[in-house]
1. Pairs needed: first member in region 559-588, under 24 Å from Leu442 (Cα atoms); second member anywhere, aromatic (Phe, Trp, Tyr) and modelled with pLDDT of 90 or more; C-beta distance under 7 Å; at least 6 residues apart or different chains.
2. Residue check: is Ile467 within 31 Å of the chain's Cα centre (by Cα) and either closer than 15 Å to Ile553 by Cα or among the aromatic types (Phe, Trp, Tyr) (or both)?
3. I need the full set of residues from region 554-564 which are hydroxyl-bearing (Ser, Thr, Tyr) and surrounded by fewer than 18 Cβ atoms within 10 Å (Cβ to Cβ), in order please.
4. Among the residues of region 59-81, what is the count of those that are of a type outside the set (Gly, Ala, Ser), surrounded by 19 or more Cβ atoms within 10 Å (Cβ to Cβ) and within 31 Å of the chain's Cα centre (by Cα)?
5. Anything in region 47-89 that is touching a residue at least 24 places away in the same chain (Cβ under 8 Å) and assigned to a strand (DSSP E or B)? List them, or say none.
6. Is it the case that region 614-633 has a residue that's surrounded by 15 or more Cβ atoms within 10 Å (Cβ to Cβ) and farther than 15 Å from Phe549 by Cα?
Amino acid sequence: MTMVIQKWLLFLFLHIHLHDLILAELPGLIYYKCGVEGNYTKNSVYQKNLNSLLSSLSSNMDKYGFYNASIGQNSDMANAIVLCRGDLEVQECRNCVPNLAVQECRNCVQNLAQKLVQKCPNQTEAFGGYDGCMLWYSNLSILDARSNSTLYYMCSQWNASKPEDYNQEVYRFLGTLQSRIANGGSLLKYATGNVTVPEFQTVYALAQCIPDLVPQNCFDCLTDAYELISFCNGKMGGRIVLLNCNFRYESYSFFKDVALEAPPPAGNDNKTPLTRNDNKTAPIGNDDTIVKDDKTARSHITIIVPIVTIVILTVCIFVILMKKRKRKLTDKIQGTLGDDISKVESLQYDFSTIRAATNNFSNANKLGQGGFGPVYKGELPNGQEVAVKRLSADSGQGDLEFKNEVLLVARLQHRSLVRLLGFCLDGIERLLVYEFVPNASLDHFLFDRVKRGQLDWERRSKIIGGIARGILYLHEDSRFRIIHRDLKASNVLLDAELNPKIADFGMARLVTVDETQGNTKRIVGTYGYMAPEYAMHGQFSVKSDVFSFGVLILEIVSGESVKDLLSHVWSNWHEGTTSNLIDPMLTGSSGLVRDVIRYIHIALLCVQEDVANRPTMGAVVLMLNSHSLSLPLLQESNSRMSKSSKLAKSESICLSRNEASITELYPR
């Protein structure tokens, strides 16, 4: 009895002091986002419902740290979901001090609720989290709001020594956790583990789903999350947070091992000896022992045979599915091309030919690493040099990119576009074969202090003009209207004469000639080049490419990368110090300065916030080619990008010390 009293006194002491300690040690939120659904009035019914709901969260969570609830009716209804990390799970025990993890979880949630209300005052919706817990509240219905939209992702600042091998092992390992989590119980869908990757590095990973998801929805959510790991390509750590699931991986252990309850022992617990019908103990080596051994052997056979059968069936099903997938993808490509089918068939390469051309995809032939896989230099049997993109087998977006590229190959022929020579589809292998462009991408020259010296103004203006003509071809002169959606310096290659060639049509969209714009729920591309209407609402059009082109002009003229570039340019334009934007390497006459400022003016016309005020690419090409043509005035109401940029910057997520973060919001 004395020992029990001592344990409870110890728990009470720790409970009192641990609460203050945890609240004191928890820093600013690791991530948070205030909603855009509207504000509530002070002392309104909604505020009272929200306060009541948030104050009850920590005390009403189940022992696995999950709770969702709603208070109120109609527009005054407050809804919330809270989830603690799976390693804060509380195991029940008898005659022992209760596990302090439950208090750690409750304190995390209590602190988080207070912080979110402070960060998002009077806003009806907010989402945020610490390492140990996450919370979402809104005036929207829980069922309506719980999509697989990406709320937050973060990447480590450290690069892996062998990025390709590292990524493949991480993808493969996360895939093994996926089924374990999806098939978890209705109370906890959570798994952790570690794996050794090349050069004896160890990767630790944790993944979790909201426990009330059905297995398929959990599996689908993690699939969506894994697709976004390409943002952390080659990094030694990263995390993706969706409303319904999340995962994280690092090169160090960052979670606690949760002890699982052992199953009850099978068989007779009394361990009494085998007996005959006459209740006499059986001597060793008699017939009963032989019968027992025979039963054991039959039991082993009964277990082994089904396992072997299942393995064989699994392999057969995998092979059949791979063949079916290849046939389905090929049929889809051929069915879409219609009249071009014979041309596409002639562009298919043998996998053995490509493997030989790239020296079995050796690292010595590797040109670089993209979001969808590595690119290798190769030489075909006829001596032609090629660039081979090998799409990652684990890339969920790879099929879409592969199909886009192949569907465009029979339609696009322009000297300012990289030419796709063919493709290879073999099992899980998806290869794209391009013409080889020797001078890599524009960003390798533009943002390198030494190589940038090769780009005088004459060369830069020709690069801008070539890119403009290539986009004009996509928008107006090709057989179909094509929106690139990912125009940036790294997707513009330079040939031997430094002529530009637009590349990477994996994100491109084909639209009808009469179609002026489209909508999407999946935002793709690079944030700094995205038009506002696309980044915030998923609306894309030819004017989205015009916006990206304007940003690209500013990079070429200034030699500066896209980060905070627009706000810097607008500020100098309004202050009359536009000449400060010109790359110092571009020295020359006053006539040269006038030409460069004219290009900056054209760029600012392209990046105006109002879509209607942006010129078409046809008008842009005309302005670039005719120096006597007067340029339109910038619309004052739409030329306040500096304020927009500052606002966007103020909404960026708080970072932990050793990580760099980019937030991407998907429209509901």
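1. Close Cβ pairs satisfying both conditions: Leu586/Trp457; Gly588/Trp457.
2. Values: within 31 Å of the chain's Cα centre (by Cα): yes; either closer than 15 Å to Ile553 by Cα or among the aromatic types (Phe, Trp, Tyr) (or both): yes.
In short, yes.
3. Just the residues of region 554-564 that are hydroxyl-bearing (Ser, Thr, Tyr), to begin with: 558, 561.
Hit for region 554-564 is Ser561, nothing else.
4. We begin by selecting, within region 59-81, every residue of a type outside the set (Gly, Ala, Ser); these are 60-64, 66-68, 71, 73-74, 76-77, 79, 81.
Narrowing the set further to residues that are surrounded by 19 or more Cβ atoms within 10 Å (Cβ to Cβ) leaves 61, 64, 66-67, 77, 79, 81.
Those still in the list that are within 31 Å of the chain's Cα centre (by Cα) too: 61, 64, 66-67, 79, 81.
Going through region 59-81 one residue at a time, the tally reaches 6.
5. Listed by number, the residues that qualify are Phe66, Asn68, Ser70, Ala78, Asn79, Ala80, Ile81, Val82, Leu83, Cys84.
6. Taking every residue of region 614-633 in turn, none turns out to be surrounded by 15 or more Cβ atoms within 10 Å (Cβ to Cβ) and farther than 15 Å from Phe549 by Cα.
Listed here are the residues, each with its yes/no results for (1) surrounded by 17 or more Cβ atoms within 10 Å (Cβ to Cβ); (2) closer than 20 Å to Ser630 by Cβ.
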| position | (1), (2) |
| --- | --- |
| Leu552 | yes, no |
| Leu566 | yes, no |
| Leu581 | yes, no |
| Arg598 | no, yes |
| Leu605 | yes, yes |
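The values are calculated or read from the model by the stated rules, or taken from the named source; none is laboratory data. Note that this is a predicted model, so its numbers are computed, not measured. Positions of Cβ are backbone-derived with ideal geometry, glycine not excepted, and every protein chain shown enters the neighbour counts.
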